[in-house]
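A.B. asks: Have a look at this one before I ask anything.
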Amino acid sequence: MIHLFVNALGASAGGGLTYVRNVLPHLAAHDDVRVTLAAGTQLREELCRVANVELLVLDLSPVERFWFEQSKLAGLVQRAGADVLLSTGNFALRKSPVPQILLSRNSIYTSRDYFRDLRRRHEYRAWADTYLRSLAAKRSIHWADVTVAPSEAFATELKRWTGRDVVAIHHGFDREAFVRDATPLSGEVETKLRSADGALKLLFVSHYNYYRNFETLIRALPLLRRNIVDRPVRLLLTCQLTPGKNPGAYRPDSAAALVKQLGVSDMVIELGSIAYQQLHQVYARADLYVTPAYTETFAHPLVEAMSSRLPVIASDIPVHREICGSAAVYFERFSSESLASAVARLAKSPEDAASMGIRGGARANEFSWKAHVEKILGVARNLTDSWRPGSFSKVTCAPRSANRKARNRLRG
């Protein structure tokens, strides 16, 4: 029996949520694995139904989260009697009382393109905040006993950045679980999707942020209008280009202004946020999947799109090539012309698009959450066999009163 304490307090959106909601059931399915999970309120409803998991729900802001992790979490881990700490949110515990596996999955900390982008947008506060976080993320790799990255490309980048060895374990995918929920899409979303009937529908699944490079995609739209004349083109977004409608502090004003400036408002359909369980229905309604992201660590939507047999057009970065292989067409990451040309080429060749969809389906089958969990547990067991604890007296533990207060929030 191994007791794994999973710190998922940083899982608040996107890949973080996808990771936890997929990994936890596979961990819980092991008779010889006990799981304690610390998570935010976003995961309370769906994860409280997972059997064999002790769920600790904490409502913390990002600042509170970092303080809690570094001053209180060690005490909870120790009191829980855990054997291994799995830190899923890029930041490790400085003095873990048990061996610690760190999942590092945020490439903005190592991306020169991202820091240049922030300066170009005059987002100097965000630049400073990201820089400080990158220092903590870099130190975290030194604090952890083992650091795991979701792709070989990102593992190589982290090793170059820190000088430490990093293990690459691909994230997974479970097609059966992904398409299980048959709850209909809302009437509003259905109406928006029907408005694109008869058009070439491009899909991009992402909440708005800067490194997903929305502006390059938007600039390609007037080029596509000129290059594809036999039917209209519509871009389906699973976000809204409206301030306050997306998680995080990213401001979509520039993207919204660009849509108006280029006169492509009729080509952009903002579906808004779609529940993860319903996303498969949106993929099924699209013709092509496109991502212009200039930095990534894994990109779950690529695997979801390939599993849905959607031809993929992706920016030419190492992670995208590693994940998609021959099941995608690649374009220069900041070139709207290259993007538009790739879309037009597939749109005009249904045979190539269909062939790519078949290759994508086969490629998606190579990713498995079950296999991912088995490899993580293998790392954990190796650590418990070889790790020797330091002085526990140096670990700052949560006061008993604070611990009781946290336990009062326990769900499971």
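The values are calculated or read from the model by the stated rules, or taken from the named source; none is laboratory data. Everything numeric in this text was worked out from a predicted model, so none of it was measured. As a convention, Cβ positions derive from the backbone with ideal geometry for all residues, glycine included, and neighbour counts pool all protein chains shown.
A.B. asks: For the range 132-152, enumerate the residues that are among the small types (Gly, Ala, Ser) and buried (at least 21 other Cβ atoms within 10 Å of the Cβ).
C.D. replies: First, the residues of the range 132-152 that are among the small types (Gly, Ala, Ser): 134, 136-137, 140, 144, 149, 151.
If the condition is that a residue be among the small types (Gly, Ala, Ser) and buried (at least 21 other Cβ atoms within 10 Å of the Cβ), then Ala137, Ser140, Ala144, Ala149, Ser151 are the ones that fit.
A.B. asks: Scan the range 251-258 and give yes if some residue there is within 20 Å of Ser335 (Cβ to Cβ), in contact (Cβ under 8 Å) with a residue 12 or more places away in the chain and either in contact with a His (Cβ under 7 Å, 6 or more places away or on another chain) or of a type outside the set (Ser, Thr, Tyr) (or both), otherwise no.
C.D. replies: Looking through the range 251-258, at least one residue is within 20 Å of Ser335 (Cβ to Cβ), in contact (Cβ under 8 Å) with a residue 12 or more places away in the chain and either in contact with a His (Cβ under 7 Å, 6 or more places away or on another chain) or of a type outside the set (Ser, Thr, Tyr) (or both).
A.B. asks: Something else: What number of residues within the range 206-243 satisfy the criterion of being closer than 19 Å to Phe298 by Cβ and in contact (Cβ under 8 Å) with a residue 60 or more places away in the chain? Give the derivation first.
C.D. replies: Restricting attention to the range 206-243, the residues satisfying the condition of being closer than 19 Å to Phe298 by Cβ are 206-207, 209-213, 238.
Filter once more, keeping what is in contact (Cβ under 8 Å) with a residue 60 or more places away in the chain: 206-207, 210-213.
The number of residues fulfilling the criteria is 6.
A.B. asks: Kindly indicate whether Arg225 is crowded, with 17+ Cβ neighbours inside 10 Å, of a type in the set (Lys, Arg), modelled with pLDDT of 95 or more and in a loop (DSSP other than H, G, I, E, B).
C.D. replies: Numbers: crowded, with 17+ Cβ neighbours inside 10 Å: yes; of a type in the set (Lys, Arg): yes; modelled with pLDDT of 95 or more: yes; in a loop (DSSP other than H, G, I, E, B): no.
It is false that Arg225 is crowded, with 17+ Cβ neighbours inside 10 Å, of a type in the set (Lys, Arg), modelled with pLDDT of 95 or more and in a loop (DSSP other than H, G, I, E, B).
A.B. asks: From (1) of a type outside the set (Val, Ile, Thr); (2) crowded, with 18+ Cβ neighbours inside 10 Å; (3) closer than 22 Å to His207 by Cβ; (4) at pLDDT below 85, pick out the condition that doesn't hold for Ser61.
C.D. replies: (2)
A.B. asks: So, in the range 97-116, how many residues would count as being more than 20 Å from the chain's Cα centre (by Cα) and surrounded by 14 or more Cβ atoms within 10 Å (Cβ to Cβ)? I'd like the intermediate steps shown before the answer.
C.D. replies: The initial filter retains those residues of the range 97-116 that are more than 20 Å from the chain's Cα centre (by Cα), namely 97-100, 116.
So of that shortlist, the ones also surrounded by 14 or more Cβ atoms within 10 Å (Cβ to Cβ) come out as 97-100.
Residues flagged as more than 20 Å from the chain's Cα centre (by Cα) and surrounded by 14 or more Cβ atoms within 10 Å (Cβ to Cβ) within the range 97-116 amount to 4.
A.B. asks: Scanning for something under 27 Å from Asp165 (Cα atoms) and part of a strand (DSSP E or B), does the range 102-122 turn up at least one residue?
C.D. replies: Scanning the range 102-122 turns up at least one residue that is under 27 Å from Asp165 (Cα atoms) and part of a strand (DSSP E or B).
A.B. asks: Which residues, taken from the range 252-287, are touching a strand residue (DSSP E or B) at 6+ places or on another chain (Cβ under 9 Å) and under 22 Å from Thr18 (Cα atoms)? Even if it seems obvious, please write down each step before you answer.
C.D. replies: Step one: filter the range 252-287 for residues touching a strand residue (DSSP E or B) at 6+ places or on another chain (Cβ under 9 Å), giving 259, 264, 266-272, 282-283, 285-287.
Hits for the range 252-287 are Glu270, Leu271, Gly272, Val282, Tyr283, Arg285, Ala286.
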